[in-house]
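Peer 1: Pasting a structure below so you can have a look.
The values are calculated or read from the model by the stated rules, or taken from the named source; none is laboratory data. This one's a predicted model, so the numbers in the text were calculated from it and none came from an experiment. Every residue, glycine among them, receives a Cβ derived from its backbone with ideal geometry; neighbour counts consider all protein chains shown.
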Amino acid sequence: MTDLPIQQPVSSIIPSPETSAVSVAIQGSVEKPSSMKVIRKLGSAFTPSIKDALSGNGPDNRVQEDSPKTAYSHYEEGIFEDFTQDQLVAKWNEFLGQIADRPSLCSALSNVPELHDGNKLMLKIGNSVQEEDIRLIKPDLISWLRKELRNSGIELTTQLGKIETGRVIFSDSEKLQMMVQKNPQLFELKQKFNLDFKD
């Protein structure tokens, strides 16, 4: 038998999250890489799990949960200054200006609520979709109104009902009648040039 030189096994040390550098032992020598990226595990894998994302445990959801509350959530409690309908209208429109990038919500809040009993607001809305939009923003809206109007007793309730709008004109003859009401000379032109609608 010939004596072969004995080679030492190549082994590596797997880094743990607590270690700051990775040491690799190769054939008895120790090397420390000068520039190595450390990848931190977020959970059980390096990439987000679909199961975690569907259950709401993804890394994006954690960021949203840790985000600070809105600036509107801080107001002085115990202040009950009176305010008028005009002041409410001004602050309501100011809030609408802040959410101008959300047209469906602006539409839902386009009606100014009626003031009842000093600090109770009644908002009439047209459908359940608007009610859901308002329900989602209601805490921020109420906190903002309480802060701006200096009244911590403000309460907002919604009432689902039919919102009165102007009559919608559909047919050509209805359109003509509406234009003649605004300008009676149009009827004379219609008669003079013998204009009529096709059936």
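Peer 1: Working only within segment 129-157, note down all residues that are charged (D, E, K, R), within 19 Å of residue 117 (Cβ to Cβ) and surrounded by 17 or more Cβ atoms within 10 Å (Cβ to Cβ).
Peer 2: 146
Peer 1: Identify the single condition in (1) modelled with pLDDT of 90 or more; (2) polar (S, T, N, Q); (3) touching a helix residue (DSSP H, G or I) at 6+ places or on another chain (Cβ under 9 Å) that residue 73 does not satisfy, given that it satisfies every other one.
Peer 2: (1)
Yes/no per residue for (1) part of a helix (DSSP H, G or I); (2) farther than 24 Å from residue 153 by Cβ:
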{"position": "86", "(1), (2)": "yes, no"}
{"position": "94", "(1), (2)": "yes, no"}
{"position": "97", "(1), (2)": "yes, yes"}
{"position": "110", "(1), (2)": "no, yes"}
{"position": "115", "(1), (2)": "no, no"}
{"position": "135", "(1), (2)": "yes, no"}
